[in-house]
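Contents: one structure, followed by commentary.
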Number of protein chains: 2
Amino acid sequence: MVMKTTRKQNYPAWYQDVVSEADMAENSVSPGCMVIKAWGYGIWERVQHILDEQIKETGHENYYFPMFIPLSFFQKEADHVEGFAKEMAVVTHSRLINEDGKLKPSSPLDEPLIVRPTSETIIADSFAKWVKSYRDLPILLNQWANVVRWEMRPRLFLRTREFLWQEGHTVHSNSLEAEEETKRMLEVYKNVSENALAMPVLQGRKPEHEKFPGAIDTYCIEAMMQDGKALQAGTSHFLGQNFAKSADIKFVNTNNELEYAYTTSWGVSTRLIGGVIMSHADDNGMIVPPHIAPYQIIFIPLIKKADDREKIMEYIAKLQNELKGKTAFGEKIRVKVDGRDKPSVDKVWEWIRKGAPMVCEIGARDVDSDGLMVKERIFFGMPEGKKLMKCNEFTAQISERLEFLQKEMFEKAKKRLENNIRTDITTPEQFAAYFANSNEWIEDDKKGKVAFVRGKWCGNPETEEILKSMKITIRCLPFDQSGTAGKCLLTGKDATIDAIYARSY
Amino acid sequence: MVMKTTRKQNYPAWYQDVVSEADMAENSVSPGCMVIKAWGYGIWERVQHILDEQIKETGHENYYFPMFIPLSFFQKEADHVEGFAKEMAVVTHSRLINEDGKLKPSSPLDEPLIVRPTSETIIADSFAKWVKSYRDLPILLNQWANVVRWEMRPRLFLRTREFLWQEGHTVHSNSLEAEEETKRMLEVYKNVSENALAMPVLQGRKPEHEKFPGAIDTYCIEAMMQDGKALQAGTSHFLGQNFAKSADIKFVNTNNELEYAYTTSWGVSTRLIGGVIMSHADDNGMIVPPHIAPYQIIFIPLIKKADDREKIMEYIAKLQNELKGKTAFGEKIRVKVDGRDKPSVDKVWEWIRKGAPMVCEIGARDVDSDGLMVKERIFFGMPEGKKLMKCNEFTAQISERLEFLQKEMFEKAKKRLENNIRTDITTPEQFAAYFANSNEWIEDDKKGKVAFVRGKWCGNPETEEILKSMKITIRCLPFDQSGTAGKCLLTGKDATIDAIYARSY
């Protein structure tokens, strides 16, 4: 009844199994793209809802910009086009004609259009039109959209040719305010990642060679997956005046002088769902944090005799009604009664694999004793994972309990992260020896597997090649720099910068 | 301060003015596409929220399917491809290369991809995979997405190359259930249109030549704009077994026989916002129904002396706080304090043009007298449009008042619709004479302008040509058929079918 593959046996195969057994998404006939199914999309809707609220609370408004960007727009920012040119979907025709029974593209466009890989260039064009004076600034906007990057090795949620995301774009009258904005939104991402997704992250700056194409600085949040690899979970870019110069975003400042504006951009995507899976799922399938679970509680009637059906269903309806006024995480509790005509044992397993936080079974005896059997997903298989409770006890505790389960998930992931950042590696030899081993599943709370190394980096351009050859990346230069002197883990040269090294998704 | 153009002077120009003066959207550099700005997108978010809730309440779940559809999929359903082939964006390459400093498409795809004009074909492919037995049915799903139809005469919200919509897709084991689904969703559309958008609609079936390409039957809701033209506001299609046959969606029925399934699809788009504008806006700009207004109440501080600022802002904060617990239409009331550093008279006009339901001005004297000046947008310019109220009176009435304003808007639009359906035209001569006149703005509650005609239609194929030559369309064959006999308004032949004739958007 558990996954075909365990994490220990084959972590990548296990990941695919979880996605498929939880019925979250599947590969599409459309090459490299995915179909996001109800349970996966439901999680995304919750993430959207929570993040959208915080984006609005920080003063941003939602807009929508065209997904087609004229090719010439990419001519304007050299670094930007270089970063994306290899993975662009290009629209060249506007109709199909039928020639000898075969459909063919027809009516070529005067200028090809690019399906947005990201929208800096087209939004900068609007900014240039909208911004005249310092009085028009800042402009703080966001859009929820689909984007396309022509990935050659697609993987559900982690890397698909089309994916869903939000991209924030802002313009400011000065550099300081733009940098503050960049960091403010990174903080929002950390908050959503840790509080909603129960996924602890490290915050830092990307090294030069990992920056967003066209950015002055890229900040990021990085999470540790259960195999010790890093997942970039969100990025926030300080673009300086780069896009302002290429798109001509100028304003009259308070000294009545014409000046280029400062812009930022920041985004998170459906990739986060991949992160949630690899942070929390186990060998029995998915585990969804209660805060973002489409349903937090599943009621499954156990009907052994047809005669019992009515009284069990009435009892569940009563229970459901008592939960109506209840909230958790500041929102109404989400409950589903699974009344499908299917063996209840199959239904229970289905919800275990989907990772619903609580599955409650209710049979005739429970009705008579005013009780219910509560199974909590994160404790599945453990003695405390199954509890016979009285209804009033269940409903009285439910809000706290869901919040407790969420906290447990976060604490567990946090312990894993904290226990698996090596800080005792100080020479290139030790470093190479450590990463000579492959990544494996980190058993709960155990140390020692290959994961993150925190150590020195000299910042020399040659380190980029060394990293490439080792298939290691610098995830970030963490915000909490120690400032101490030491030796670069790649070159052995003098170095003061602290870096987080890891393999990554 | 009013629009550059009135409805009477030039209705199409007035429409563009409203969209631009209300800052709802603008034309993009991306040809034929629009940028939806905060106020326009905020309205769409409200519509999405309300409709999404009803889509879920009727048992549907949200999914997401790829926007790229392999060209060969369109080969499968002949009518379908014929309907869309002339307006398709075709992706043919997957990268750009730099040749002599110029970017050019490179890496041609093996099979071109179509940017979805609608998703029947690709979703049918998934259905074929998912459906095995009658036990798997029905599948009821929906997606919120962008779609592309290569319009040659784009118009903001009404007709843009890319637009936003929802498309529902369902599969059923029998024809009856699929037809019921089709009509159920049409009813949901009517409900949202009338209750949320305050836009009354007629419901009916499309004549054969106006059906969705590939459908057995298309049902629609049709609204009357202020110039008497019709706007198709939503459609729901009974697809029979057409797509099931072309995509091979088969299931084992209760008799253990293999059978083709029955599918439906239904959608509404950002076009609805065009409908809201042309239903409600006036010569002073936009008027947004309170139910879908991003903000329902705008507070504008009138600060004449700098010393007064603090006490006025505090007073507004107190008022805002008192509104926090209030609801209208079952949701929290949405309030904005416009504290921008700008002359207050400009701010008031801005919100009038944007059509915020209530604009409240508060100066030092109001603070002293515990009052505020309330301006209701729908009564703007009339004596009752401006009221000095006490704060407690204002907050006590606010929920009811917002719902009253919504009702007033609906009643007004409903009267216009009912008063402007001619039923006394019975011969082709009268019909031709009536439509020989152009459409003009229907002054409030006045009859007599060119709008809708309800009359007989013989249903002969030749009528399609007559309609084309007159630039008239049959909007629908309304559900409430009289069943009486008469003469066709196009051919003079015997006819029993009632049809709604009109010019349309």
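Here, each number is a calculation from the coordinates, and none is a lab measurement. What you see is a predicted model, and the numbers here were worked out from it, not measured in a lab. Note that each Cβ is placed from the backbone with ideal geometry, even for glycine, and that neighbours are counted across all protein chains shown.
How about region B:23-95: which strands (runs of 3 or more DSSP E) wholly inside it have at least 2 residues that are under 22 Å from the mean Cα position of the chain (by Cα) and of a type outside the set (S, T, N, Q)?
It comes to B:25-27, B:34-36.
State which residue is farthest from the other protein chains (Cβ to nearest Cβ) when the search covers only region A:1-22 and only residues that are in a loop (DSSP other than H, G, I, E, B) and buried (at least 17 other Cβ atoms within 10 Å of the Cβ).
The selected residue is A:7.
Taking only region A:289-310 into account, find how many residues are charged (D, E, K, R) and surrounded by fewer than 13 Cβ atoms within 10 Å (Cβ to Cβ).
Qualifying residue count, region A:289-310: 4.
What tally of residues in region A:170-201 results from selecting those that are farther than 22 Å from residue A:62 by Cβ and surrounded by 23 or more Cβ atoms within 10 Å (Cβ to Cβ)?
Of the residues in region A:170-201, 3 are farther than 22 Å from residue A:62 by Cβ and surrounded by 23 or more Cβ atoms within 10 Å (Cβ to Cβ).
Please enumerate the residues belonging to region B:142-165 that are within 16 Å of the chain's Cα centre (by Cα), more than 9 Å from every other protein chain (Cβ to nearest Cβ) and under 12 Å from residue B:65 (Cα atoms).
Within region B:142-165, B:144, B:147 qualify.
Filter region A:383-436 for residues that are of a type outside the set (Ser, Thr, Tyr), in a helix (DSSP H, G or I) and touching a Lys or Arg at 6+ places or on another chain (Cβ under 7 Å) and give the result.
A:385, A:398, A:419, listed by residue number.
Among the residues of region A:215-264, which ones are under 19 Å from residue A:122 (Cα atoms) and within 23 Å of the chain's Cα centre (by Cα)?
Listed by number, the residues that qualify are A:215, A:236, A:237, A:238, A:239, A:264.
Could you please give the count of residues in region A:98-122 that are in a helix (DSSP H, G or I) and at the interface with chain B (Cβ under 9 Å from one of its Cβ atoms)?
Number satisfying all stated conditions: 1.
Taking the stated definitions as given, is residue B:133 surrounded by fewer than 18 Cβ atoms within 10 Å (Cβ to Cβ) and over 30 Å from residue A:91 (Cβ atoms)?
yes
Let me spell it out: the conditions are (1) touching a residue at least 60 places away in the same chain (Cβ under 8 Å); (2) in contact with an Asp or Glu (Cβ under 9 Å, 6 or more places away or on another chain), and residue B:138 meets all of them except one. Which number is the exception?
Result: residue B:138 fails condition (1) only.
Say we look at region B:38-95 and pick out the residues that are of a type in the set (Ser, Thr, Tyr) and within 7 Å of chain A (Cβ to nearest Cβ); which of these is farthest from residue A:25 (Cα to Cα)?
B:41
If residue A:32 satisfies all but one of (1) crowded, with 21+ Cβ neighbours inside 10 Å; (2) on the phi < 0 side of the Ramachandran plot, what's the number of the condition it fails?
(2)
With respect to residue A:34, determine if the residue is aliphatic (A, V, I, L, M) and either more than 7 Å from chain B (Cβ to nearest Cβ) or closer than 25 Å to residue B:56 by Cβ (or both).
Against the criterion (aliphatic (A, V, I, L, M) and either more than 7 Å from chain B (Cβ to nearest Cβ) or closer than 25 Å to residue B:56 by Cβ (or both)), residue A:34 qualifies.
Quick check on residue B:367: is it hydrophobic (A, V, I, L, M, F, W, C), in contact with a Lys or Arg (Cβ under 7 Å, 6 or more places away or on another chain) and farther than 30 Å from residue B:37 by Cα?
Yes, satisfied.
Applying the selection to region A:368-377, what residues are surrounded by fewer than 20 Cβ atoms within 10 Å (Cβ to Cβ) and assigned to a helix (DSSP H, G or I)?
Those that are surrounded by fewer than 20 Cβ atoms within 10 Å (Cβ to Cβ) and assigned to a helix (DSSP H, G or I): A:368, A:369.
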